[in-house]
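Just passing along the structure, written as structure tokens.
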Amino acid sequence: MFEAFRDFLRNIGSGPADDRPDPADDVRVATAALLFHVVRADGVVTEEERTRLHAVLREEFALAPEEVDRIAEAGGEADTEAVDLYNFTSVLKSRLGEAERVRFVELLWEVTYADGSVHELEDNLIWRVSDLLGVSTRDRMLMKREAASRSGVSD
């Protein structure tokens, strides 16, 4: 599956429009892969985290349930095959504006807080992703505070 994702990224802009996958898929799959990566960071994937991950994909991309499942599956497989975060963050950094990247960091925190706590590995991962996306420490911490407040967890 990761090979298919890599081929997709290589072929953006080439070939007839009817032969190309949906151009939004690269952002969607990269988003899902990073969300899965943060969910898996502490070694425990809870049902609350999985549910929130699917809800984020549905809400942010206005996807039908079957599309959410397809993108989530592709993202999970891409994350499993990935050797680093750069491929995913580079897609998001090149396709998203600054405000959208800050929003993405907020989504990472929302998924992380879904189980009621933040493990140090999750915190570190979000710091690294934020850095790769060019999101400031200030914005990362503001998004963390807002996500914690909405989740009812005191940080």
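Computed from the coordinates by the stated procedures, all read-outs in this text should not be read as laboratory data. Here the structure is a predicted model, which is why all the values come from computation and not from measurement. Glycine also receives a Cβ, built like all others from the backbone with ideal geometry; neighbour counts cover every protein chain displayed.
Please turn the phi angles of the range 40-56 into ³J(HN,Hα) values with the Karplus equation 6.51 cos²θ - 1.76 cosθ + 1.60 (θ = phi - 60°), one per residue in order, whole Hz, x for glycine and proline.
7, 4, 8, x, 10, 9, 8, 5, 4, 5, 4, 4, 5, 4, 5, 5, 4
Taking 0.36 nm per intervening residue step and subtracting the Cα-Cα distance, what contour gain separates His119 from Glu47 on full extension? Don't skip to the answer; put the middle values down first.
Working: separation 72, 0.36 × 72 = 25.92 nm, distance 1.62 nm.
Going from the current span to full extension adds 24.3 nm.
Okay, next question. Computed FRET efficiency, Cβ-Cβ of Glu100 and Ala64, R0 25 Å: what is it to the nearest 0.05?
Step by step, r from the Cβ atoms, then E = 0.70.
For the range 136-144, what does the Karplus curve 6.51 cos²θ - 1.76 cosθ + 1.60, with θ = phi - 60°, yield as ³J(HN,Hα) per residue in whole Hz, taken in order and with x for Gly and Pro?
The phi angles translate into 5, 4, 4, 5, 4, 6, 5, 5, 5 Hz.
Read phi for every residue in the range 89-100 and hand back ³J(HN,Hα) as whole Hz from Karplus 6.51 cos²θ - 1.76 cosθ + 1.60, θ = phi - 60°, with x for Gly and Pro.
Coupling constants for the range 89-100: 5, 5, 4, 5, 5, 7, 9, 10, x, 4, 4, 5 Hz.
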